[in-house]
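The values are calculated or read from the model by the stated rules, or taken from the named source; none is laboratory data. Because the structure is a prediction, the values reported are computed rather than measured. As a convention, Cβ positions derive from the backbone with ideal geometry for all residues, glycine included, and neighbour counts pool all protein chains shown. Note: accessible area is taken over every heavy atom of the protein model, side chains too, but ligands, DNA and RNA are not part of it. Shrake-Rupley method; radii C 1.70, N 1.55, O 1.52, S 1.80 Å.
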Amino acid sequence: MIRRPPRSTLSSSSAASDVYKRQVREIATEEMAKFGRTLLAVLLTAFTPHCADALPPKQNDPAPHVASRIVIIYANDPTDTVKLIAGAVGDGAKSVGAEVRLLEVDQANYERDVVQWADGIALGSPVYNGNPSPRILEFVNSFDFQDDLTRMVGGTFATGAGAASGIESTMGAMERGLRTFGVVTVGGPSWRNAEGTGIDGGEGGNSDQYWSLALSQGQRIAQLADKLRRQPPVGPGTAPAPITGVTDVLNSVAVSLGRGRWSPETRISSTCESYCRGWSAAVGCGTCKRSAFSFPGGDSICIHPGPLGTGLLCRVNQTTLEVTGESCCGVGGPCELPKPSAWDFLDTSTQWPGGCCAGAANCAGCPGGSPLSDRFPLLNDTRTLAVNRRYFDYNTNTCMEGVRPVNASEGETRVPA
């Protein structure tokens, strides 16, 4: 059984003192990490090229470095051991920057806590006759097959009165339930918790070791959930596969638009919906160079197919005919956006009313955000023709041409996350 030392006994022994010191160090480390992340965000805002604001934001407008959300749902036991382990899993997730929601199963709601909020989920239970708590099983049974949970990461933990009391089968049952609904399940990084964190409460054991296993599993769930939640869906989606002949024509159109010189007569007025969906094209705009998206957080706009399937469009310098890093649509260019009005809220016919995208050309002000293209596959989609393929290298924060190398490891070059 695992117990945190009561506060009243923290000074009564050297062992308790060590625990207290360790907790203080962990709190200090966490606070320093938060400060570092805040400082990094400020610096990125100050020094990121103007194109980062001028171009449409990431799909669905998630902040590039916002932590994942992990919900931990558990059925407690009379000794509070499951609750303690749930807390340790949560502490592990928090230590890598995740936002954590810790709930006893009777307090949890599937729609509110899983579908609408979480990027990752951890389920915990004591062993009940070789099975999870009936309350946990009832909660899993409340999941809805109509919901897409294929981009959610999950894990399990359990406690039992003995090593052969059904700990592993209890975790396995909870994992099967999660996988049934598409959740990607993972254990911890150690061989000791590769299938989840199991605690032999009856045998006792090394509490620090068990605590460490729970922490590491929470860290891993949070880290993988953060990667997966930022990964744009790659695959058929709703956009049809491109046709080779049509793609060739559209590539030629993109070149011709970029070579044209815009004037007040050729300037177009784009709606916020067309802009945020990536539909807008105009004379004087050509396919953006890769360098326009080579910065932290540029992953989704790097692979956006834009209005022609060639990528998002940027303004072309009217003297040199070189493509700039400035968005095609904006202020004083070949494509104008609508100006905001105090009456925009009255327009309920669209999710992109009036001038919700004006100002810094940011679709975050529109309820519809920046949805995935419904006209062309993403540029890292396997169906996109090789001439237009792009991917994002997270090692160097660089938008790359071509197809991601098949021998690239997860830690090197990977699909946008």
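Is at least one residue of region 186-206 of a type in the set (A, V, I, L, M, F, W, C), at pLDDT 90 or above and closer than 23 Å to residue 151 by Cβ? Checking region 186-206: at least one residue is of a type in the set (A, V, I, L, M, F, W, C), at pLDDT 90 or above and closer than 23 Å to residue 151 by Cβ. With respect to the conditions (1) farther than 30 Å from residue 263 by Cβ; (2) hydroxyl-bearing (Ser, Thr, Tyr); (3) open to solvent by 20 Å² or more (accessible area, probe 1.4 Å), residue 341 lacks only one, and its number is (1). Being over 17 Å from residue 224 (Cβ atoms), modelled with pLDDT under 90 and either more than 25 Å from the chain's Cα centre (by Cα) or of a type in the set (D, E, K, R) (or both), is that true of even one residue in region 103-124? The answer is no; no qualifying residue exists. Within region 375-402, being assigned to a loop (DSSP other than H, G, I, E, B), touching a helix residue (DSSP H, G or I) at 6+ places or on another chain (Cβ under 9 Å) and either of a type outside the set (Phe, Trp, Tyr) or free of Cβ contacts under 8 Å to residues at least 12 places away in the same chain (or both) holds for 378, 379, 380, 384, 385, 397, 402. For first residues located in region 96-109 and open to solvent by 60 Å² or more (accessible area, probe 1.4 Å), partners that are in a loop (DSSP other than H, G, I, E, B) and aliphatic (A, V, I, L, M) and lie 6+ apart or on another chain with Cβ distances below 7 Å form the pairs 99/67. Can you tell me which residue in region 344-354 is modelled with the lowest pLDDT, limited to those that are surrounded by 11 or more Cβ atoms within 10 Å (Cβ to Cβ) and part of a loop (DSSP other than H, G, I, E, B)? Within region 344-354, the match that is modelled with the lowest pLDDT is 347. Considering only region 142-161, state which residues are open to solvent by 20 Å² or more (accessible area, probe 1.4 Å) and more than 26 Å from the chain's Cα centre (by Cα). Within region 142-161, 161 is the sole residue that qualifies. The test for being in contact with a strand residue (DSSP E or B) (Cβ under 8 Å, 6 or more places away or on another chain) and either open to solvent by less than 10 Å² (accessible area, probe 1.4 Å) or assigned to a loop (DSSP other than H, G, I, E, B) (or both) holds for residue 282.
Among the residues of region 155-190, what is the count of those that are of a type in the set (A, V, I, L, M, F, W, C) and not in a loop (DSSP other than H, G, I, E, B)?
From region 155-190, those of a type in the set (A, V, I, L, M, F, W, C) are 157-158, 161, 163-164, 167, 171, 173-174, 178, 181, 183-184, 186; that's our starting set.
Those still in the list that are not in a loop (DSSP other than H, G, I, E, B) too: 157-158, 167, 171, 173-174, 178, 184.
Of the residues in that region, 8 qualify.
Evaluated against (1) at pLDDT below 90; (2) open to solvent by less than 30 Å² (accessible area, probe 1.4 Å), residue 227 falls short on exactly one condition, (2). Looking at region 355-379 only, could you name the residues that are of a type outside the set (Lys, Arg), open to solvent by 60 Å² or more (accessible area, probe 1.4 Å) and farther than 24 Å from residue 294 by Cα? Passing the criteria: 367, 374.
Please count how many residues of region 51-79 are at pLDDT below 90 and open to solvent by less than 60 Å² (accessible area, probe 1.4 Å). Looking only at that region, the number is 15. Considering 129, 141, 109, the condition of being on the phi > 0 side of the Ramachandran plot and of a type outside the set (D, E, K, R) is satisfied by 129 alone.
Output the residues belonging to region 122-138 that are part of a helix (DSSP H, G or I), surrounded by fewer than 23 Cβ atoms within 10 Å (Cβ to Cβ) and not charged (D, E, K, R). Working first, answer last.
Restricting attention to region 122-138, the residues satisfying the condition of being part of a helix (DSSP H, G or I) are 134-138.
Filter once more, keeping what is surrounded by fewer than 23 Cβ atoms within 10 Å (Cβ to Cβ): 134-135, 137-138.
Scanning region 122-138 gives 134, 137.
The set of residues from region 240-275 being part of a loop (DSSP other than H, G, I, E, B), β-branched (Val, Ile, Thr) and without any contact (Cβ under 8 Å) to a residue 24 or more places away in the chain comprises just one member, 243.
Please specify each residue of region 364-374 satisfying the condition of being in a loop (DSSP other than H, G, I, E, B) and of a type outside the set (D, E, K, R). Let's see the steps before the verdict.
The first filter runs over region 364-374 and keeps only residues in a loop (DSSP other than H, G, I, E, B), leaving 366-374.
Answer for region 364-374, where residues must be in a loop (DSSP other than H, G, I, E, B) and of a type outside the set (D, E, K, R): 366, 367, 368, 369, 370, 371, 372, 373.
Among the numbered conditions (1) under 19 Å from residue 120 (Cβ atoms); (2) at pLDDT 90 or above, the only one that residue 232 does not meet is (2).
Scan 310, 271 and give me the residue that is more than 26 Å from residue 356 (Cβ to Cβ) and polar (S, T, N, Q). Going through 310, 271 in turn, just one is more than 26 Å from residue 356 (Cβ to Cβ) and polar (S, T, N, Q): 310.
Test of understanding: among 169, 190, 165, which residue is of a type in the set (Gly, Ala, Ser) and more than 14 Å from residue 129 (Cα to Cα)? Before the answer, list the steps.
Values: 169 fails: more than 14 Å from residue 129 (Cα to Cα); 165 fails: more than 14 Å from residue 129 (Cα to Cα).
Residue meeting the stated conditions: 190.
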